[in-house]
Amino acid sequence: MVMAVLAAAIFVATLVVVIWQPKGFPIGYTALIGAVIALATTVVGLSDIPTVVGIVWNATLTFVAVVLISLILDEAGFFEWAALHVARWGRGNGRLLFVLIVGLGAVIAAVFANDGAALILTPIVVGMLRALNMPQKAALGFILATGFIADTGSLPLVVSNLVNIVSADYFHLGFAEYAAVMIPVGIVSVLASLGMLLLYFGKSIPKRYDVLALTSPAAAITDRATFRTGWVVLALLLVGYFAADPLGVPLAAVAGVGAVVIVAVAARQPAFLFARAEAAPVLVSTRGTATVTAGGTEPSAASGRVIPVWKTIREAPWQIVLFSIGMYLVVYGLQNQGLTDHLAKLFDVFGDHGVLVTALGVGFTIAILASLMNNMPTVLIAALAIGGAGATGLTHEVMVYANVIGSDLGPKITPIGSLATLLWLHVLEKKGIHIGWGQYFRTGIVLTIPVLAVTLAALAGWLTLIR
């Protein structure tokens, strides 16, 4: 009993400091300190370290590689180019623009992970809204929609969310196997999200906007070689993900190769550099000859590389690697002391009442846990509990995927549900946009609960149909 209380105390203390993020205490170091304390108090043993590393290494390295690719492409203007195209497709219709922005967010979340969608697309959308002189209430709707869809759209692929990768690795789900189940369910999640977002923000969206206020999409591109290489890398990554499992190649290796290629192209000394002028982006040659692509003003000559490659590499989420190992060691202590057994028993109760009840019961339980204590530790706690439950066959499979859905969608209820949301709020603060925790919660709970219910019901129906 004493050890169980100690394990819970170490977990809570570590989680509080991780969410609080005091200055000078990065999340990776905080989690490692928690892990050291757990080892020192024998809550976990040295023999548990290889087990935990085996669970999380592929997930965390894949995630870092995908985010690094997205950061490099963002520097090349890839996402701004896409956003400007989407805004032009709206043809001045405000509601259509809202739908297209949500759709773009869902695509970016699926391919570049939820963090990429929330942290990269949000500043671009903010800049676009300011250029269009959107009313404050309407702009807030677009911004909250972008943050919301980043997580609700991160179901379709294993690489769409770190918790997806952790769960897929733990239960040995192949990329194609996972996609066959979650792409249809993910589409339902995105459509349900869009419906709720339109219902919630629809009245605040202006009927028209001025398309002419937008710059040319081509003007957003800062490095054409990296931009073009990005399309090739993305296509090869998709093929590689599906081919990796039959060949026994870890996803981290596939994503890692893609990251190396895009970094190598971005780090070269190009013959022509695309630089952003104060007034407008222009194509600038290394000889100083400039060709204006937008706005009509000529900038000063560009010098050095457009993309700060090494700075981007340093700013990649390396702390996630330390966080994953440290936090999951702390979580493993909960299992060692029998605390996850209680959750396993609850899951078995749900499992005794059919597929739909199992999906809803397990999914909502995990969503509540994720919203209260962050989705990163929640997904492993739930995975350990599902592994210890007595469910088999279809019931077990429903639990596995309900864990993913609850861990992906549940964090949107509260600001502390995911690290991506905390970082997203921080990015908005830097842009002069304040969203209070109370305001976020009131919006998050209203949007999340119906979408979560519909998505879990879709999971139960789809798995019953295909199995």
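The values are calculated or read from the model by the stated rules, or taken from the named source; none is laboratory data. Here the structure is a predicted model, which is why all the values come from computation and not from measurement. Positions of Cβ are generated from backbone atoms using ideal geometry, with glycine treated the same way; all protein chains shown enter the neighbour counts. Only protein heavy atoms, including side chains, enter the accessible area calculation; ligands, DNA and RNA are left aside. Shrake-Rupley method; radii C 1.70, N 1.55, O 1.52, S 1.80 Å.
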Looking at (1) of a type in the set (A, V, I, L, M, F, W, C); (2) under 30 Å from ARG130 (Cβ atoms); (3) out of contact with any Pro (no Cβ under 6 Å at 6 or more places or on another chain), which is the only condition TRP57 fails? (2)
Does region 379-428 hold any residues that are under 30 Å from VAL126 (Cβ atoms), open to solvent by 10 Å² or more (accessible area, probe 1.4 Å), more than 14 Å from the chain's Cα centre (by Cα) and in contact (Cβ under 8 Å) with a residue 60 or more places away in the chain, and which are they? ILE416, VAL427
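Residues ASP348, ASP341: which one is surrounded by 16 or more Cβ atoms within 10 Å (Cβ to Cβ), of a type in the set (D, E, K, R), modelled with pLDDT of 85 or more and over 22 Å from the mean Cα position of the chain (by Cα)?
Residue meeting the stated conditions: ASP348.
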Flag for LEU144 being open to solvent by 30 Å² or more (accessible area, probe 1.4 Å), touching a residue at least 60 places away in the same chain (Cβ under 8 Å) and in a helix (DSSP H, G or I): no
Which listed residue is more than 30 Å from ALA264 (Cα to Cα) and assigned to a helix (DSSP H, G or I), from ILE69, ILE49, ILE55: ILE49
Quick one: is ALA219 crowded, with 16+ Cβ neighbours inside 10 Å, in contact with a Ser or Thr (Cβ under 9 Å, 6 or more places away or on another chain), at pLDDT below 95 and not polar (S, T, N, Q)? yes
Pull up region 91-123, narrow it to residues that are of a type in the set (Gly, Ala, Ser) and more than 11 Å from the chain's Cα centre (by Cα), then point me to the one that is farthest from ALA213 (Cα to Cα). GLY103
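Residue by residue, here is whether (1) modelled with pLDDT under 90; (2) in contact with a strand residue (DSSP E or B) (Cβ under 8 Å, 6 or more places away or on another chain); (3) assigned to a helix (DSSP H, G or I); (4) aliphatic (A, V, I, L, M) holds:
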| site | (1), (2), (3), (4) |
| --- | --- |
| ALA367 | no, no, yes, yes |
| MET376 | yes, no, yes, yes |
| VAL379 | no, no, yes, yes |
| LEU394 | no, no, yes, yes |
| VAL404 | no, no, yes, yes |
| LYS412 | no, no, yes, no |
| LEU428 | yes, no, yes, yes |
Does region 86-99 contain at least one residue that is closer than 21 Å to ILE187 by Cα, part of a helix (DSSP H, G or I), in contact with a helix residue (DSSP H, G or I) (Cβ under 9 Å, 6 or more places away or on another chain) and without any contact (Cβ under 8 Å) to a residue 40 or more places away in the chain? yes
Take the conditions more than 21 Å from LEU121 (Cα to Cα) and buried (at least 22 other Cβ atoms within 10 Å of the Cβ) and apply them to VAL254. Does it pass? yes
Select from region 128-141 the residues that are in a helix (DSSP H, G or I) and of a type in the set (A, V, I, L, M) and list them in ascending order. MET128, LEU129, ALA131, ALA138, ALA139, LEU140
Flagged in region 149-158 as open to solvent by 10 Å² or more (accessible area, probe 1.4 Å) and not in a loop (DSSP other than H, G, I, E, B), in numbering order, are none
